[in-house]
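The values are calculated or read from the model by the stated rules, or taken from the named source; none is laboratory data. Computed from a prediction, not measured in an experiment: that's the story for all the values here. Backbone-built Cβ (ideal geometry, glycine too); neighbour counts: all protein chains shown.
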């Protein structure tokens, strides 16, 4: 009877790395480029993988490689295996200063301007060789995390409850209605929500791939009262939303931290805050559990958590 070591000795672990890249890229040429190989070399590796797993693994279609059922079955286990190997190798000698990884995060566009610069500065101070890629958050972050499109998702609701994900509360915010610096509502002593609803709003739009619609806590409460906002513009860019209310009487809902930018020189001001229940919104950091044992990801998780808590004025 062969031992585990004897069984595994016939497999080149680099094949698993190649398979992981092929699954993510769904293209032999792009996979070869990622691994600094020629296309013929990558094709030979794919042939070896098919022999090892006794399965075609991929079918060629006009839009690239399509995985077989066997490949989809392997995908869920593969990342965990590779992260375990990475943790085994790097657990005792991981150094942020020497780390050259690329980390990918998704962030709510209305929070990115305030959170991401702090994260970038923290990276630059501790790990100057690390690269950060930021993407807009989706309503449901689980698909981005499951596919490995992002390593972490900063999210405004704890939407992920499946066992394969890990979620941690790292802050909270509340909605504030903003308007142009000369908005008529700023002349009033006391502004009610009904006063605000007389005006049109500009609003955030999420990734077009998202299904469903995200409602902020203010909209949810308005629905219970049979009320709603008139939304005249949707955009995924905070700068576009801010610029679009300048010189108009339109309003915008964003988190309370944006008030830091509403200085005397700014072209917008906070009109009405909702800093009490039921309007408080928790902020969560979500990741796939396959990265929990990875030392680089653990370091980066702590860095994000500390940066966000600093942004929101929360203690550890």
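What to note about this one:
- For the residues 218, 241, 251, the requirement of being closer than 22 Å to residue 108 by Cα, in the same structural domain as residue 183 (by TED's automatic domain parsing), touching a strand residue (DSSP E or B) at 6+ places or on another chain (Cβ under 6 Å) and at pLDDT 95 or above singles out 251.
- Failed criterion for residue 148 (all others in (1) modelled with pLDDT of 85 or more; (2) under 13 Å from the mean Cα position of the chain (by Cα) hold): (1)
- The single condition from (1) within 29 Å of residue 301 (Cα to Cα); (2) at pLDDT 90 or above that residue 56 fails is (1).
- Considering (1) within 17 Å of the chain's Cα centre (by Cα); (2) modelled with pLDDT of 90 or more, the lone condition that residue 122 does not fulfil carries the number (1).
- Considering each residue of region 64-72 in turn, at least one proves to be within 27 Å of the chain's Cα centre (by Cα) and assigned to a helix (DSSP H, G or I).
- Screening residue 68 with (1) out of contact with any helix residue (DSSP H, G or I) (no Cβ under 7 Å at 6 or more places or on another chain); (2) surrounded by 14 or more Cβ atoms within 10 Å (Cβ to Cβ); (3) under 23 Å from residue 150 (Cα atoms) gives one miss only, at (3).
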